[in-house]
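Everything on this sheet refers to the single structure shown next.
The values are calculated or read from the model by the stated rules, or taken from the named source; none is laboratory data. What you see is a predicted model, and the numbers here were worked out from it, not measured in a lab. All Cβ positions, glycine included, derive from the backbone under ideal geometry; neighbour counts span all protein chains shown. Side chains are part of the model used for accessible areas, which takes the heavy atoms of the whole protein and leaves out ligands, DNA and RNA. Shrake-Rupley method; radii C 1.70, N 1.55, O 1.52, S 1.80 Å.
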Amino acid sequence: MTPKYVMALDEGSTSARTVLVNLDGEIVAEARNPVVPTFPRPLWVELDPFDLWAAQRRSMAAVMAEAGAVTDEIAAVGLTTHRESCLVWDRRTGEPVHPALMWMSKQTDPIVERWRAQGLDEQFRARTGLFNDSFFSAAKLAWLLENVPGVRARAERGELAAGTVDTWLLWKLTGGRSHLTDHSEASRTALFSLEALDWDEALLRACGIPPGLLPPAVASDAHFGEMRPEDVGLPGSAAVPVTAVMADQQAGMFGQACFEPGSAKNTFGTASVLTANTGDRPDVLDGLTASVGWTVGGTTTYEAEGVVFHSGQTLQWMRERLGVLREGDDIVEVASRVPDTGGVYVVPAFAGLCAPYWKRDARASIVGLTLESGAEHVVRAGVEAMAYQTRDNVDVLVASGIPLPELKVDGGAARSDLLCQFQADILGIPVCRPVELERTALGVAQLAGMGAGIWRQADLEGHWTLDRVFEPRMPEARREELYAGWQAAVRTVTGG
C-alpha cells in the first residue's frame, strides 16, 4: 500500500494532539485530548505518565478513524513534546516510580538552592546554556532520586530509565524498545553539554545523577525505532518508522522555516516562547537560554530563547478565576471595547517571571487601576502583556547584536489581529502571521517526512504561506511611553 501521510504526535502542556499531514505538506486530520496536571501540594505540579500516554494514544486512534487510514499508509512518525518535565520508570515493567514532575513545579527549589550554595550556578550556565532553576529537568531528576524510596539504589543497579516526556512517549510508542531522546530535548534538561552534544559528566557527578539512567541523545533526524500497530492499538499491519524527535519550541521554529541565523518566531500558547536561530554555535545571552535547535543532516543549529511562563494562560485565569470574562465572551471583542488600557498593566507572574528577568519569587499584579478602570481595561491589559513580554526578550537579542527585521508568530492566540497589531506596534518591526498557525506539529512532521525521503529541507520554505503582515503604526514616542509604563509595572513585582 502506497504511503499517503506523515503522522505527527504533538504533546503539549495542555493537550496531546495527533495530526496527519499529506504528501503536499497539508494537515488533513487532527485530534487532541486534554493533558490534566495534578497539584498534590502547594507549588507542586505533576502529571500521571499513564494518563499522558492514554491521551496521546486516544488522539492517534481518533485521527486514524477520521482519515479512515491504516498504518500501512503512514510513511513516518515524528514526535514533539513540551520540555523540561521528566520522570523515571522501571526498564522491565514500564511502571513509573512516581508521577512526572512538570516544568512549572517548584518542589525542587531546595535542591536548586543547595546547588547554588555549592557554587554550581556558573557551571550550569557555561556548560548547558541554561540556569540553575527549578524550571529545568536536572533538579527534578535529583528530587526523584533523593525523595522516592529505593529509587537511587535501583537506578545505580541499572533497573530504571529516565527521560523527559518525549522519551517516555517514545518508549510507549515502540513497545519499550527505544530509550532515546534528541539533542534539542536533551538541551533543555540543564544536564547536556552544548559543546560536546552529550550528557555533561561533570554536572551529572555534581548533581548525583547516574549516567546510565539517561537515554542516549541522538540527532533529531535519527532512526528512533518503529511503531508497531499491535503496540499502539491502531489499524493496519505495517510497522512505521519514527524518524524525527524535536522539542516543541524547536519544532515550531523549524515549522516556521527559521533556517537562517537571525530569523525568529514567537509562539503564543499557554506560555509564550521567543526562539531565534543563532547559527552553528551556541550564543549565551544575558537573560535568555541557549539550546540546540535541531541536529539535521549532520549539522547542529542552535537557538537563543526567551520563555514567558504565562501568556494565553493569563486570559484563561481571567475567565476562570478573576471573573472579568464570562462564559461565551470573546476576548478580542471585550478588549476592543476600549481604545487602550487606560494605564492598566497586568504583570502575569503567577509562577514568577522567567526570561529575561528570572525572578521566580515574583508574584502577579494588576497595576494602574483607577475608578474609571473596567473589566475591558483589565482584559486588554492581559492581551497587551503578551506583547510586552515578547519585547522584553526581543530587546535582549537586539542589544546583543542580533537584529530582527521581522518576527514570525504562531500559536492559538496569534489568530487575534489585536494582539498581532499591538505586537508590531510595541516592537516597531513587522509581524508576519502564516496561514497555518499550528507550526509545531507541522515542523516535526516535515522533519519526519524528510527522514522518509518525502521532502528536502530546501523544499520546506515553500510550505510556509503568509496570511498577513502587521506593520507597526504607533509613533515611536507613544511606543516608548507605553513600554516604560510596562517596565515600571514589572519593577513593582521584582523589587527592581
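Things worth noting here:
- Sorting the segments 275-288, 36-49 by their residues' average number of neighbouring beta-carbon atoms within 10 angstrom, most packed first, yields 275-288, 36-49.
- As a ratio to 2.2 N^0.38 Å, the alpha-carbon radius of gyration for the range 99-212 is 1.03.
- Contact order normalised by residue count of the range 133-285, Cα under 8 Å, 6+ apart, percent: 19 percent
- In the context of the full set of protein chains, the range 182-325 has a per residue accessible area of 30 Å² (1.4 Å probe).
- Percent accessible area from carbon and sulfur atoms, the chain, protein chains only, probe 1.4 Å: 50 percent
- The range 317-423 - Rg and Dmax from Cα coordinates, angstrom: 14.8, 45
- Helix 375-399 axis, angle to the chain major axis (alpha carbon atoms, nearest 10°): 70 degrees
- DSSP bridge orientation in the chain - percent antiparallel, rounded to nearest 5: 75 percent
- Given charges at Cβ of Lys, Arg, Asp, Glu: the range 1-147 dipole, positive-most of Ser105, Asn147, Pro3: Asn147
- Acute angle (nearest 10 degrees) that the helix 137-147 long axis makes with the longest principal axis of the chain, alpha-carbon atoms: 60 degrees
- Total charge dipole magnitude, the chain, about the Cα centre, Cβ charges on Lys, Arg, Asp, Glu only, Debye to nearest 20: 1020 debye
- Between Glu461 and Asp329, the simple label model (points 7 Å from Cα in the Cβ direction) yields a spacing of 4.4 nm.
- Acute angle (nearest 10 degrees) that the helix 476-494 long axis makes with the longest principal axis of the chain, alpha-carbon atoms: 70 degrees
- On full extension, the segment bounded by Val435 and Arg479 gains 13.1 nm, given 0.36 nm per residue less the C-alpha separation.
- Solvent-accessible area per residue in the range 414-496 equals 44 Å², computed with a 1.4 angstrom probe and all protein chains kept.
- log₁₀ of I(q)/I(0) at q = 0.08 Å⁻¹ - the range 10-144, Debye sum with one point per alpha carbon: -0.30
- Using the Cβ-Cβ distance between Phe39 and Asp231 with R0 set to 41 Å, the FRET efficiency from 1/(1 + (r/R0)^6) comes to roughly 0.80.
- Solvent-accessible area per residue, Å², over the range 1-154 with all protein chains present [probe radius 1.4 Å]: 38 Å²
- Computed over the alpha-carbon atoms, the chain gives an Rg to Rh ratio of 0.96, Rh here being the Kirkwood radius from the mean inverse distance.
- Sequence ranges 201-208, 184-191, 403-410, ranked by mean other-Cβ count within 10 angstrom, highest first: 184-191, 403-410, 201-208
- Adding -39500 (n - 2.57) for every DSSP H run of four residues or longer, then dividing by how many residues the chain holds, sets the calculated 222 nm ellipticity at -10000 deg cm²/dmol.
- Relative contact order of the range 304-418, defined on C-alpha pairs under 8 angstrom at six or more residues apart (%): 30 percent
- Computed from the alpha carbon atoms alone, the convex hull of the range 202-314 holds 185 Å³ per residue.
- Relative contact order of the range 24-153, defined on C-alpha pairs under 8 angstrom at six or more residues apart (%): 23 percent
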